[in-house]
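Taken together, the values in this text are just the output of simple stated rules run on the coordinates, not laboratory data. Just so you know, these numbers come straight off a predicted model, no measurement behind them. Ideal geometry is used to build each Cβ from the backbone, glycine not excepted, and the neighbour counts take in all protein chains shown.
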C-alpha cells in the first residue's frame, strides 16, 4: 500500500521535478562550475580556480565603481519601493466594490505584462531627447528649458528614469498575491480587533492585516527581490546601448551580458551570475526572516 502511495506521489511530482532540475538545478550547477574556468564558448573550458572572482572584486574597476553601486542603489529603491507600493495599492483596492476593483487591478497589473513594449514605445517617446519628446516639449512650452535635454543619454537622469519605469511595471504577481491576501482575511478578525482596542485603520493594518497575510507578504517580497536583481534590460532598452552611457545605468545583469554575449568570456560571466545569485539568496533569506510563518 505504501509503495503504491509513494509511486502515485512520484508520478504527480515527476513533471515538476523534471522541469525544476532541467531549468534550475542544472543551469545553476553549470554556472558555478564554469565560474572556476576560462571559457570563450569555442575552446574547452580551462580550470583557473578563483581567478575570475579575484579579478571581479579587485581588478574590474567598472564593476566596483559603477555596476555594484548602481545595482545596490537600484535594488534598495525599487525593491522596497515596489513592494510597499504593491501593498498600498492592494489594500486600497480591497476597500472598494468588486467591479471597479477588478478593472483597476487589471489596469495596474497590465504594465508588468507589457513592460518591454512600453519601454520601447511609451517611455522612449516621453523622454525622447528632441523637442518632440513629451517631457521636453512640455518643459520648453512652460519656459523651464530652452533646448531639449538628452534624458536617456544623460548619466544624471538615466538611473532615475530606470527606477521610475521599473516601479511603474512592478505590479506583477506579487501585487495580485497581496490583493488576494487582503481580500481573504476573515472579517470577524477585524471586529474582534476593534473590540480589543484597535481604534483606527493604521492600527488595523499593523496588528491585523499584515500578520494575517504573511504568506502573501513573503511571496511578494521574494518576487520583488528576484525581479529587482534580474532587471537589466531597462537601461539598455531606454538608452539603446550596452554598456549604458558612462555606465550610469549599468546593472549586474548588463555586466553579465556584456562579458558573456558580447566579449564571450563565459567563465567570467558565470562568476558574475553566481555573485548575483548570492545577492538574491541573501535578500530572500532576509524576506523569509521577516514574513515567513514561524511554524
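Computed values, structure above
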item: Spin-label pair residue 76/residue 107, simplified geometry with 7 Å Cα→Cβ offset, distance in nm; result: 3.5 nm
item: Sites residue 286 and residue 7 - FRET efficiency at Förster radius 41 Å, r taken between beta-carbons, to 0.05; result: 0.55
item: Sequence ranges 76-83, 273-280, ranked by mean other-Cβ count within 10 angstrom, highest first; result: 76-83, 273-280
item: Separation of the residue 18 and residue 121 label points, Cα + 7 Å toward Cβ, nm; result: 3.8 nm
item: Gap separating the Cα centres of the range 135-200 and the range 224-295, nearest whole Å; result: 22 Å
item: Cβ crowding within 10 Å averaged over residues, with 227-235, 67-75 ranked highest first; result: 227-235, 67-75
item: Ranked by how many other beta carbons lie within 10 Å on average, peptides 46-55, 165-174 from highest; result: 165-174, 46-55
item: Efficiency of FRET between residue 99 and residue 262 - r from beta-carbon atoms, R0 51 angstrom, step 0.05; result: 0.55
item: q = 0.10 Å⁻¹: log10 I(q)/I(0) that the Debye formula gives for the range 62-291, counting C-alpha atoms only; result: -0.57
item: Order of 86, 8 under a 10 Å beta carbon neighbour criterion, fewest first; result: 8, 86
item: Two-decimal log10 I(q)/I(0) for the range 1-127, as the Debye equation yields it once each C-alpha is a single scatterer, q = 0.15, 0.17, 0.20 Å⁻¹; result: -1.08, -1.09, -1.14
item: Helix-derived mean residue ellipticity, 222 nm - over the chain, DSSP H n ≥ 4, -39500 (n - 2.57), to 500; result: -19000 deg cm²/dmol
item: Extension gain from residue 173 to residue 200, taking 0.36 nm per residue of separation minus the Cα-Cα distance; result: 6.8 nm
item: Over the range 197-295, equivalent-ellipsoid semi-axes from the Cα gyration tensor in Å; result: 38, 17, 8
